[in-house]
Amino acid sequence: MRSRFSAYATQQYQYILDTYAQSQRDTLSVKELQQSDKETTWLRLQIVNCPDDHTVEFKAYSKFQNQFNLLHEISIFTLENQHWMYKEGELLADTGQVKLNRNDQCLCGSGKKYKKCCI
Ligand SMILES: [Zn+2]
């Protein structure tokens, strides 16, 4: 899970494709992944809950065209050849644009207030 987030953050789309479950790998390409992630900067990953071996609930923050976004997802992994592969995800209701106030701590991880940072 963390390694896939890191791969998104550093644009290693081949790794992302390689860690999809077989059924998904057959229908995706590195190019498609690249295209869908274009201009997005991944900032921060927060693991919310791991109820069992193959389920991870997480919040991932990203920035796209000066707008912060939250991806809140429950991901299901499946074991293939002793590796955990990403099978599918369910988006939770608060996924979408994040509204920040000027005095809120910036989401980019700088530790500064939003008004003095990415605003
Ligand atoms: Zn910032």
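Suppose a student asked you for the relative contact order of the chain, using Cα pairs under 8 Å spaced at least 6 residues apart; what percent would you report? Across the chain, relative contact order equals 18 percent. Taking amide H positions as modeled 1.01 Å from N, with prolines and chain starts lacking one, the residues under 5 Å from Arg44 and 5 or more places away or on another chain are Tyr61.
Against the globular-protein guess of 2.2 N^0.38 Å, express the Cα radius of gyration of the chain as a ratio, rounded to two decimals. Mind showing how you got there, number by number?
On the way: Rg = 15.4 Å, N = 119, 2.2 N^0.38 = 13.5 Å.
Taking N as the residue count of the chain, the ratio is 1.14.
Toward the positive end of the charge dipole of the chain, with +1 on the Cβ of Lys and Arg and -1 on the Cβ of Asp and Glu, the farthest Cα among Leu100, Tyr20, Thr78 is that of Leu100.
In order along the range 83-99, the Karplus-derived 3J(HN,Hα) couplings, from 6.51 cos²θ - 1.76 cosθ + 1.60 at θ = phi - 60°, round to 10, 7, 10, 6, 9, 7, x, 10, 7, 8, 4, 8, 4, x, 5, 9, 8 Hz, and Gly and Pro are given as x.
Each part gets one Cα centre, and for the range 1-41 versus the range 76-119 those centres are 16 Å apart.
Within the shell of other residues whose beta carbon sits under 13 angstrom from the beta carbon of His72, the net charge comes to -2, with Lys and Arg scored +1 and Asp and Glu -1.
Values in this text are rule-based calculations from the coordinates and carry no lab data. Fair warning: this is a prediction, and the values are worked out from it, not measured in the lab. Heads up, the Cβs are rebuilt from the backbone with ideal geometry, glycines too, and the neighbour counts pull from every protein chain shown.
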